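A quick write-up on the structure given underneath.
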Amino acid sequence: MSLVLDAATERPAAIYGAALNHRRLQAALAAEFEQAPYQRPPQAPVLFVKPRNTVSAAGAPIPFPADADAVYAGGALGVRIARDACRVSAADALSHVGGYAVVNEVSLAETSFYRPAIQAKCRDGFCPIGPEAGPDAINPQRVQVRTYVNGALAETNDSADWLRGVAQLIADVSQFLTLYAGDLLIVATPPRNARLRPGDTVAVEIDGIGRLENIVAAEEDIQ
């Protein structure tokens, strides 16, 4: 899957993810956030970037790097921006949404959430993006993302567990970062439970949007 280009500016689309937007994940890190230098959980969205090299499509292999001990799936909802959003309100935020996508935000084990590690999250092929649907395909306040490994349910990601819903996340992010038409915002990933190995088939499903399926392969075996 190629990145979207805005027709007016030919600006390549960016992909941003919210690193700490899931209640279970933040609860698991509560003790860590009380320590120096943080002292408290983050008060603003903590973002990471999925650059161009990470993007792939349904059916493309997910590389398992030779130097990795573990690779984890991250089934998530992607929000496609339809028109530029700069300092928008939560009440107006959804009018900037052009549609929704199934995303697998693949990562190595994460050791820093305030400063997500590039080497963990930005490997080649670590962001399969699957079917997309229009803005009316789902209710963004009621979403369940299901991740399957070899046919078995491995992880769920429910909108009820998101610290910021779609509208509030767009509003908060747009206060300090303009989201341009074509950009994709990954809303939240839960604590990593869906561990992958070469040969595994991983699928992410969202009702109303569709199913994204990929096979994991040793990096050296991918041509």
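What follows is calculated from the coordinates using simple rules that are stated; it is not laboratory data. The shown structure was predicted, so the numbers you read here are calculated from the model rather than taken from an experiment. Note: ideal-geometry Cβ built from the backbone for every residue, glycine included; neighbour counts use all protein chains shown.
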Next on the checklist: Taking R0 as 45 Å, what FRET efficiency do you get between residue 66 and residue 91 from their Cβ-Cβ distance, rounded to the nearest 0.05?
Outcome noted: 0.40
Checklist outcome for this item: The long-range amide H neighbours of residue 182, using H built 1.01 Å from N in the peptide plane and a cut-off of under 5 Å, are 81, 82
Checklist entry - If you place +1 on the Cβ of every Lys and Arg and -1 on the Cβ of every Asp and Glu, how big does the dipole about the Cα centre of region 61-208 come out, in debye to the nearest 20? => result 180 debye
Checklist outcome for this item: Ratio for region 178-223, C-alpha Rg to 2.2 N^0.38 Å, reads 1.55
Item to check | Gain upon complete extension [residue 136, residue 195; 0.36 nm per residue less C-alpha separation] | outcome: 18.0 nm
Checklist entry - For region 91-99, what does the Karplus curve 6.51 cos²θ - 1.76 cosθ + 1.60, with θ = phi - 60°, yield as ³J(HN,Hα) per residue in whole Hz, taken in order and with x for Gly and Pro? => result 5, 9, 4, 5, 6, 9, 8, x, x
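FRET efficiency for residue 82 and residue 207, Cβ-Cβ distance as r, R0 = 22 Å, nearest 0.05?
Between residue 82 and residue 207 the formula returns 0.50.
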Checklist entry - Near the amide H of residue 209, under 5 Å away, which other amide H atoms are found, from residues 5 or more places off or on another chain, if H is placed in the peptide plane? => result none
Next on the checklist: I'd like the Karplus ³J(HN,Hα) series for region 175-180: coefficients 6.51, -1.76, 1.60, θ = phi - 60°, whole numbers in Hz, and an x wherever there's a Gly or Pro.
Outcome noted: 6, 10, 8, 6, 8, 9
Item to check | Rh by Kirkwood over Cα pairs, then Stokes-Einstein D for region 111-215 at 0.890 mPa s and 25 °C, µm²/s | outcome: 157 µm²/s
Item to check | Per residue Cα convex hull volume in Å³ - calculated over region 113-156 | outcome: 158 Å³
Checklist entry - So for the pair residue 57, residue 144, with labels modelled 7 Å out along Cα→Cβ, what separation do we get in nm? => result 3.0 nm
Checklist outcome for this item: Length gained, residue 168-residue 220, 0.36 nm per residue minus C-alpha separation, equals 14.6 nm
Checklist entry - In the P(r) worked out for region 67-162, what percent of Cα pairs fall beyond 17 Å? => result 61 percent
